[in-house]
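Here's the structure we're looking at; comments come further down.
The values are calculated or read from the model by the stated rules, or taken from the named source; none is laboratory data. The shown structure was predicted, so the numbers you read here are calculated from the model rather than taken from an experiment. Because the Cβ atoms are built from the backbone with ideal geometry, glycine has one as well, and the counts that use them run over all protein chains shown. These area figures cover heavy atoms from the full protein model, side chains too; ligands, DNA and RNA do not enter into them. Shrake-Rupley method; radii C 1.70, N 1.55, O 1.52, S 1.80 Å.
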Amino acid sequence: MMVAMKITDVIKIIDAAMMLLLLALMAAISTASADEQTYIVRMDKTKIPNTYSSLVSSTKPWHQAVLDSLIDVSSTEATPPELLYSYETALFGFAARLSSKQLESLKNMDGFMSAVPNKMLSLHTTRSPLFLGLTGMKGEKGPWSGSNLHSDVIIGVVDSGIWPEHVSFQDHGLSPVPERWKGACENGTRFSPSNCNKKLIGARYFYGGYIAAGGKINDTEEYKSARDVSGHGTHTASTAGGDIVENANIFGLANGTATGMRYTARIAAYKVCWPGCTSVDILTAMVKAIEDGVDVLTLSLGSESEAVPYWQDYLVIASYLAFKSGIFVAFSAGNSGPDAYTVVNTAPWIMTVAASTMDRSFVAIIELGNGETFEGSSFYTGKALKGLPIVYGKTAGDLGAEYCLPGSIDPKLVKGKIVICEQGIVRRTEKGEAVKSAGGAGILILSPEGEDLASEVHVLPDIFLGAIASKAVIKYWNTTKAPTASIVFKGTMYGNQAPKVAAFSSRGPNLVGPDVIKPDITAPGVDILAAWPAETSPSRLKSDKRRVLFNIISGTSMSCPHVSGIAALIKSKHKDWSPAAIKSALMTTAYTLDNKGKPIADLAFYTSAAPFAIGSGHVDPIKATDPGLIYNITAEDYISYLCSLHYSDSQVSMFEEGYQCTPTERRMQPGDLNYPSFAMNFKQKARNVTFTYKRTVTNVGIPKSTYKVSVEVPKGVSVIVSPKVLSFTELNEELSYEVSFTGLSRNKTVAGSSFGSLVWVSGNYRVRSPIAVSWK
């Protein structure tokens, strides 16, 4: 208990200190008035010509005329409005830095629709193709075979840029760049059009929003160009569409053939993340990607969980505009799990991707001095640590030593010893750097919850333990006068029970649209090997002088490009399918049993994973190319859905300018959206309350086929489906059914939510939709 109280005190003290430091840094880097802020401004296109015709000229476009008109209303001391970006295609408006007085004047202008503040967001393989069933290489049968490979599908990667010289982006054997492509490879620091080829066909960069938010770019370290220095964008781009590379590995680990999910796809990189990413830069990149002509957009980034209405989120709006243009959009679900209501990027036209494990691990075994042994994970490949003393907290250093914070470790106390470090406050690799610089022999990192063993590349011998083992280690340390431990590093192991949903993966329910289950699906996101920049260390520490061609990292950032690449694979086979059709195919064919035939496990709670953790299940690219039935959704359907959320006409007009919801749309239930899953939300005493939803499915399998329904009924409700049989006579035929959910008398066996499924079965086809029932 004494140790726990000291740790709590440390957290409070350090959190307070970090907050003061953050505030000081914000004050230091902000060169503009505190009264000024960057906004994304939406204007009514139909009213602009009449309002500003006298001010617009060949040298002064409309958006500059709008901003110039604000100067007169500003005080003499105010900074003139600063234009960052203008938008005239997918949406109409601009991004600009404005004072509060300028903003108020703008709001009074004819044609003004909205102004949303800029916000900071964060960035959230050799084995995965085999694990996903894409085992065929060139020339073999399957989605990677024959004419399927010769496609011109373009994947837009909105991230931290790309390392263009990497072997994963070579263009051997590819046909010329598609004529429809309108993108460009922009000049910048250490980047020119010559860095692009028939694989990497576009590269742009956007930093106006980041600079306006007070950020700074060191051009000698960060590169003011599309060139990637963090590694994140290079990793995600190669996961989605990187070329085949033999003998890919890191320090000999995970050795095999690395390839993107759609390895013949073209890639367009849009760099929006510097030390930080802003909504203004991301929006601008997405609009430009739409104009350029991408087929798939993959974004492994997002904000912290917050209930912002869809009409106030410009990434949601841009995603809708992309969907309307025929572009499949996938976002990562976030890494804020395992708490409920943490999933982000939840609009129904977005594919929201959770993260799970594969059947590969990187095993290290720790043996405590009392003989207890536990399995953990490590990427270290050197000699074992044998019988070394272990130190922790006050026996390792000063305030913050429990977390191995830089400067907290005492070299006199840790030299030649294994140091225990708790997670939190700084990155795990920084903890290892602190221990190594103090002379420690190794680091033992404890997990506070769950059995998630997603490791990182450290600069010294390390082991990462799950919560059960972590508690045992602390118990041993607390009860032993001179604790010791040995660590053996086993390297790459295969055949683990998988998949299992990662503890860090963000969870539903969906705060903004509770009538839609989020996340939608899960995919490999733990210990993923993919391409890495040639000048960035695998630990991303400046003190680490090692360089690698491939690196292993984890997160929903890694699972998202898996699904994006598979979407490109489906797009190449079904060129006429809408983004909603591709999304439906991915969701309804996802599986919920692991490679041992057991329900997919949740590493956070030691239970079976629920739809609020994995959505429809784990992606299955083979079955998704031939789903049997699809649930299609049009842009008009999504607008009707927004009307059913009781958004005002002006709010819906953020998606479709000038739109007015009809009385019929106002009477619709949000659950009437033709989505491939069902979410019911009952009030606490909702006995005999019934929700009835209609769904329409399209036959894309066998022309003459009959499907029968099978329902796994969630606890606390009754379910009636009508009709129970759907008989199709031709391809692309549409048939509808209704499903009614009636709340029954709840009892203590029913928790806050219960789950089930609705499956249409015909021969080898199983078209599955998860059901989530919640009581508020």
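For this structure, a couple of remarks:
- Cysteines having no other Cys beta carbon under 4.7 Å from their own, within the chain: Cys560
- Heavy-atom accessible area ranking, 1.4 Å probe, most first, across Tyr270, Tyr380: Tyr380, Tyr270
- Built amide H within the under 5 Å cut-off of Cys421, gap 5+: Leu444, Ile445, Leu446
- In this structure the amide hydrogen of Phe92, modeled in the peptide plane, comes within under 5 Å of the amide hydrogens of Met43, none closer than 5 places in sequence on its chain.
- Solvent-accessible surface ranking, highest first, for Asp110, Asp527 at 1.4 angstrom: Asp110, Asp527
- Ranking Tyr591, Val280, Thr239 by Cα position along the charge dipole of the chain, where only Lys, Arg, Asp and Glu carry charges on their C-beta atoms, puts Tyr591 farthest toward the positive end.
- Protection proxy ranking of 173-186, 597-610 - average other beta-carbon atoms within 10 Å, highest first: 597-610, 173-186
- 3J(HN,Hα) along segment 586-596: 5, 6, 6, 9, 5, 10, 10, 10, 7, 6, 10 Hz, from the Karplus curve 6.51 cos²θ - 1.76 cosθ + 1.60 with θ = phi - 60°, whole Hz, x for Gly and Pro.
- Amide H contacts under 5 Å for Ala364, placed H, 5+ residues apart: Gly376, Ser377, Ser378, Lys490
- In plain terms, if you count all Cα to Cα distances in segment 501-577 and split them into 5 Å steps from zero, the share in each step is 3, 13, 15, 15, 16, 15, 11, 6, 4, 1, 0 percent.
- Accessible surface, 1.4 Å probe, highest first, among residues Glu636, Glu222, Glu165: Glu636, Glu165, Glu222
- Unit Cα scatterers, Debye sum, segment 213-315: log10 I(q)/I(0) for q = 0.10, 0.15, 0.19, 0.23 Å⁻¹: -0.38, -0.80, -1.11, -1.31
- Rounded to the nearest angstrom and listed largest first, the equivalent-ellipsoid semi-axes of segment 613-770 from its Cα gyration tensor are 27, 24, 15.
- Taking all protein chains together and rolling a 1.4 Å probe, Trp775 ends up with roughly 20 Å² accessible.
- Here the Karplus curve 6.51 cos²θ - 1.76 cosθ + 1.60, taken at θ = phi - 60°, turns the phi angles of segment 560-569 into couplings of 4, x, 4, 5, 4, x, 5, 4, 5, 4 Hz, with x standing for Gly and Pro.
- The string of couplings for segment 209-220 from the Karplus curve (6.51, -1.76, 1.60, θ = phi - 60°) is x, 5, 5, 5, 7, x, x, 10, 10, 7, 5, 8 Hz, one whole number per residue in order, with x for Gly and Pro.
- Rounded FRET efficiency, nearest 0.05, which uses the C-beta distance separating Glu734 from Thr257 and R0 of 51 Å: 0.75
- Here the dipole of the chain is about 1900 debye; that uses its Cα centre as origin and unit charges on the Cβ of Lys and Arg (positive) and Asp and Glu (negative).
- Full extension of the chain between Ala340 and Met493 yields a length gain of 51.9 nm, computed as 0.36 nm times the residue separation minus the alpha carbon distance.
- Dipole magnitude for segment 362-494: computed about the Cα centre from +1 point charges on Lys and Arg Cβ and -1 point charges on Asp and Glu Cβ, it is near 500 debye.
- Calculated over segment 362-494: convex hull of Cα atoms, volume per residue (Å³): 94 Å³
- Only helices enter this figure: runs of n ≥ 4 DSSP H residues, each worth -39500 (n - 2.57), summed and divided by the residues of the chain, yield -6500 deg cm²/dmol at 222 nm to the nearest 500.
- Using the alpha carbons alone, the radius of gyration of the chain stands to its Kirkwood radius in an Rg to Rh ratio of 0.97.
- Out-of-range pairs (alpha-carbon distance over 30 Å; input Lys412/Lys481; Lys490/Lys596; Lys199/Lys288; Lys119/Lys224; Lys119/Lys583; Lys324/Lys708): Lys324/Lys708
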